[in-house]
Amino acid sequence: MKKLVWLLVLALLVVPAFAANVSTSSWIGVGFHTRFLPFSDGYGLAWGTWGSGNLTFSLSGSSNLGSVNATFKVNLPNDLSGSAAPTGTITFSKVAGLLDISFCKGTLPDISTILVPDILPDTGINVVLSQAPVKVTVGYAPKNNWGKSNFWTEAALAVKGEVSVAQPVSVSAYGLIQKNTATGTITAWAVGGSVTPVTTPVSLTVYGEAASNPEQLVGATVKALGGKVTVDGNYKLQAQTVKLSVTADGVVPNVKAYAEYDTSNTYTIFAYVSGSAPVPVGSLSYGAAVANGPDTLFGGFAKWSVSLGGNVSHDLTLGYGFDMDDYGNNGWQRGVLTGADDLWGVDVRGKFFAESKLMIGF
């Protein structure tokens, strides 16, 4: 009986005090593709079908813990077999006027620095305390099972504190600690900061970081043309590696270009250009990338998309030498070129491929 009473009390705390606004949306599509691929015994055609979709539920309202916003999405697998992948976030905003508390399924935000990567799984709790000029973010991911768990030693924890001051000079500082799974001790930490002494006509930011690797890093970022051009460079003291990058985004309308030199990578040089162009019918997107290391890798594509009306559309893609699927998931990065030996089960590195894809949505 006591357990029931406590459950009722908890429900009264979290159930929205006012009627919530609920909305739903869904998309289910089927597709038919014909691919022209470089098989090991020569070029040939491959035919296939696919299906995918999602169901999305959104809720907003107000509760005794603050305003509530929730989204929940069920992603259907591409071949419409196996288990669906549900993801979602429930956020209580401005709890006690300070905290944003999010319960995340497959959506837990990363907490990291330049030198310390994120260790958190995708499911857990994210808490943000923001009171200018201080911001504290806590990510907690307990072991995800139905068995007995130790909520400290079998969990991942990351805590990051940030302080930012804009006047008279922009200054920021941060610190991060991480506790990995299967241990109760702190496994990684980092401290860093930046200062922006110059803002016009170009902005200059100098930054540095020290981490438990052990590693220290110093660098600088210059932005020009209203932020359309960014030049960044840093040096890792222990590893003695250099990373230089230049990004131009919007200097030419609808075109982004990026070039990077990073001595910590096997393929030291990496660059790409991507954009879109007007066409009389439909839309045209394109891109090309190059990486240089043990050898020189090149890849590119052009995709013409046309709406045929009634939720029916068609994509025609012509590509060369890169992993189109990985590009779709991650954008341009070195892996789309180095992983081109397994696109749709064939090796397209240094070879042409094409896909005609008809899509019907419901």
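The values are calculated or read from the model by the stated rules, or taken from the named source; none is laboratory data. Values in this document were obtained by computation on a predicted structure and should not be read as measured data. We place every Cβ from the backbone using ideal geometry, glycine too, and count neighbours over all the protein chains shown. Areas reflect the complete protein model, heavy atoms only, side chains present, ligands, DNA and RNA absent. Shrake-Rupley method; radii C 1.70, N 1.55, O 1.52, S 1.80 Å.
Among the residues of segment 181-198 satisfying the criterion of being surrounded by 15 or more Cβ atoms within 10 Å (Cβ to Cβ) and in a loop (DSSP other than H, G, I, E, B), which is modelled with the highest pLDDT?
T187
Looking at A211, A224, A259, A166, which one is within 30 Å of D122 (Cα to Cα) and either open to solvent by 40 Å² or more (accessible area, probe 1.4 Å) or touching a Ser or Thr at 6+ places or on another chain (Cβ under 9 Å) (or both)?
Working: A224 fails: within 30 Å of D122 (Cα to Cα); A259 fails: within 30 Å of D122 (Cα to Cα); A166 fails: within 30 Å of D122 (Cα to Cα).
None of the others qualify; the one that does is A211.
Quick one: in segment 47-58, of everything that is surrounded by 15 or more Cβ atoms within 10 Å (Cβ to Cβ) and over 25 Å from L99 (Cα atoms), which residue is modelled with the highest pLDDT?
Here the residue is T56.
Which ranges mark the strands (runs of 3 or more DSSP E) fully within segment 276-362 that have 1 or more residues being within 23 Å of I28 (Cβ to Cβ), more than 26 Å from the chain's Cα centre (by Cα) and not aromatic (F, W, Y)? Reasoning before the result, please.
On the way: elements: 283-292, 296-309, 312-320, 352-361.
Counting at least 1 such residues, we get 296-309, 312-320, 352-361.
Any idea which of V242, V252, V281, V273 is closer than 14 Å to R334 by Cα and not acidic (D, E)? Talk me through it step by step, then tell me what you get.
On the way: V242 fails: closer than 14 Å to R334 by Cα; V252 fails: closer than 14 Å to R334 by Cα; V281 fails: closer than 14 Å to R334 by Cα.
Exactly one of V242, V252, V281, V273 is closer than 14 Å to R334 by Cα and not acidic (D, E), namely V273.
Going by the structure shown, is G335 in contact with a Gly (Cβ under 6 Å, 6 or more places away or on another chain), of a type outside the set (A, V, I, L, M, F, W, C) and closer than 17 Å to R349 by Cα?
The answer is no for G335.
Looking at (1) assigned to a strand (DSSP E or B); (2) modelled with pLDDT of 85 or more, which is the one condition that is false for I111?
That leaves (1) as the condition not met.
This table checks each residue for (1) open to solvent by 70 Å² or more (accessible area, probe 1.4 Å); (2) at pLDDT 65 or above; (3) closer than 30 Å to P109 by Cβ.
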residue: L4; (1), (2), (3): yes, no, no
residue: L13; (1), (2), (3): yes, no, yes
residue: A20; (1), (2), (3): no, no, yes
residue: S23; (1), (2), (3): no, yes, yes
residue: S40; (1), (2), (3): yes, yes, no
residue: Y43; (1), (2), (3): yes, yes, no
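Can you tell me which residue within segment 344-361, out of those that are within 19 Å of T296 (Cβ to Cβ) and not small (G, A, S), is most open to solvent (accessible area, probe 1.4 Å)?
Quick first cut of segment 344-361, residues within 19 Å of T296 (Cβ to Cβ) only: 347-352.
Among the residues that remain, those that are also not small (G, A, S) are: 347-349, 351-352.
Details: D347: 63, V348: 0, R349: 84, K351: 75, F352: 135 Å².
That would be F352.
I'd like to verify a number: residues in segment 69-108 that are among the β-branched types (V, I, T) and at pLDDT below 85, how many? Show your work before the answer.
As a first pass, look at segment 69-108 and keep what is among the β-branched types (V, I, T): 71, 74, 87, 89-91, 95, 101, 107.
Within this subset, residues satisfying the condition of being at pLDDT below 85 are none.
Count: 0.
Under 9 Å between Cβ atoms, which residue pairs at least 6 apart in sequence (or on different chains) link something in segment 84-98 that is in contact (Cβ under 8 Å) with a residue 12 or more places away in the chain and open to solvent by less than 50 Å² (accessible area, probe 1.4 Å) with a partner that is in a strand (DSSP E or B) and among the acidic types (D, E)?
Cβ pairs passing all conditions: T91/D100; F92/D100; S93/D100.
If you scan segment 228-239, which residues turn out to be open to solvent by less than 40 Å² (accessible area, probe 1.4 Å) and either modelled with pLDDT under 95 or among the small types (G, A, S) (or both)? Can you show your working first?
Taking segment 228-239 as the starting set, the residues that turn out to be open to solvent by less than 40 Å² (accessible area, probe 1.4 Å) are 229-230, 232-234.
Hit for segment 228-239 is G233, nothing else.
Considering only residues that are without any contact (Cβ under 8 Å) to a residue 24 or more places away in the chain and either open to solvent by 60 Å² or more (accessible area, probe 1.4 Å) or β-branched (V, I, T) (or both), which ones fall in segment 59-71?
We begin by selecting, within segment 59-71, every residue without any contact (Cβ under 8 Å) to a residue 24 or more places away in the chain; these are 70-71.
Hit for segment 59-71 is T71, nothing else.
So if I check each of G287, G282, which one is within 29 Å of V252 (Cα to Cα), surrounded by 18 or more Cβ atoms within 10 Å (Cβ to Cβ), touching a Phe, Trp or Tyr at 6+ places or on another chain (Cβ under 8 Å) and not β-branched (V, I, T)? Don't jump to the end; show me each part of the working.
Working: G282 fails: surrounded by 18 or more Cβ atoms within 10 Å (Cβ to Cβ).
Exactly one residue qualifies, and that residue is G287.
List the residue pairs whose Cβ atoms are under 7 Å apart, where the first residue sits in segment 337-357 and is under 17 Å from W50 (Cα atoms), the second is open to solvent by 60 Å² or more (accessible area, probe 1.4 Å) and among the charged types (D, E, K, R), and the two are 6 or more positions apart or on different chains.
L343/D325
Among the residues of segment 311-325, which ones are farther than 17 Å from V281 by Cβ, of a type outside the set (A, V, I, L, M, F, W, C) and open to solvent by less than 40 Å² (accessible area, probe 1.4 Å)?
Residues satisfying the conditions are G319, G321, D323.
Of the residues that sit in segment 114-160 and are open to solvent by less than 40 Å² (accessible area, probe 1.4 Å) and outside any strand (DSSP E or B), which one is modelled with the lowest pLDDT?
Checked segment 114-160; the qualifying residue modelled with the lowest pLDDT is S149.
Given the structure, is A277 at pLDDT below 95, on the phi < 0 side of the Ramachandran plot, of a type in the set (A, V, I, L, M, F, W, C) and open to solvent by less than 40 Å² (accessible area, probe 1.4 Å)?
It is true that A277 is at pLDDT below 95, on the phi < 0 side of the Ramachandran plot, of a type in the set (A, V, I, L, M, F, W, C) and open to solvent by less than 40 Å² (accessible area, probe 1.4 Å).
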